[in-house]
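Comments concern the structure below.
The values are calculated or read from the model by the stated rules, or taken from the named source; none is laboratory data. Given the structure is predicted, the values throughout are model-derived calculations rather than measurements. Positions of Cβ are backbone-derived with ideal geometry, glycine not excepted, and every protein chain shown enters the neighbour counts. What goes into the accessible areas is simple: the full protein's heavy atoms, side chains included, and nothing from ligands, DNA or RNA. Shrake-Rupley method; radii C 1.70, N 1.55, O 1.52, S 1.80 Å.
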Amino acid sequence: MVVIDVVGGEPGQDLLILRAPIVENGGFYLWNLNNNHIFVCSEKIYLCVFFRSGQDMSSVRSFVFVLEQIDGENAFVPTNDVGDFAIYLGSNQPLVLPAEDNSYIRRRNTIYVEDDDGTVHNARVLAFDISSNEVSVIPFPPGLSAQDYGPAAWVAAPPINGNFWHCNSQ
């Protein structure tokens, strides 16, 4: 089940409870931690689900769903487009920014996430192109290990010609 609560509402009010979408994953398994993320783009609610291969631990997939009303019922429907946004998912709130032309770190219709599912910790950021299902790898800077800090949290866009900024969210 997925529960969406309207921020600022009365306790127990404005809750939306939905069945989580079923995904055919062909040998891929849900990430141990941080496998489901909700984010909003252009007033639409999206759900992103991450999977890792049981055969090759470096192989990952993501599926994105948009919340729509079908025959008076709310449902998550598969989508391959979130518009002109770059989405950063981590252990804190999602960061949604307008995409920039010719930018590797703010590409349109792309989700960025640290490759850390609670079991596998890779010193890299994964960039999931939602429309093509391609995954690009952005390695951490030399000398920085995924174990050097706690769960990543996006704090701001990086400096010009810089790498991604992370902060310890604990």
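Name the residue that is surrounded by the most Cβ atoms within 10 Å (Cβ to Cβ), counting only residues in region 39-88 that are touching a residue at least 60 places away in the same chain (Cβ under 8 Å) and within 13 Å of the chain's Cα centre (by Cα).
Tyr88
Would you confirm whether or not region 109-129 contains a residue that is among the polar types (S, T, N, Q), open to solvent by less than 30 Å² (accessible area, probe 1.4 Å) and either assigned to a strand (DSSP E or B) or farther than 15 Å from Phe51 by Cα (or both)?
yes
Can you find, within region 12-24, the residue that is modelled with the lowest pLDDT among those that are farther than 16 Å from Val77 by Cα and open to solvent by less than 90 Å² (accessible area, probe 1.4 Å)?
Checking each candidate, the answer is Leu15.
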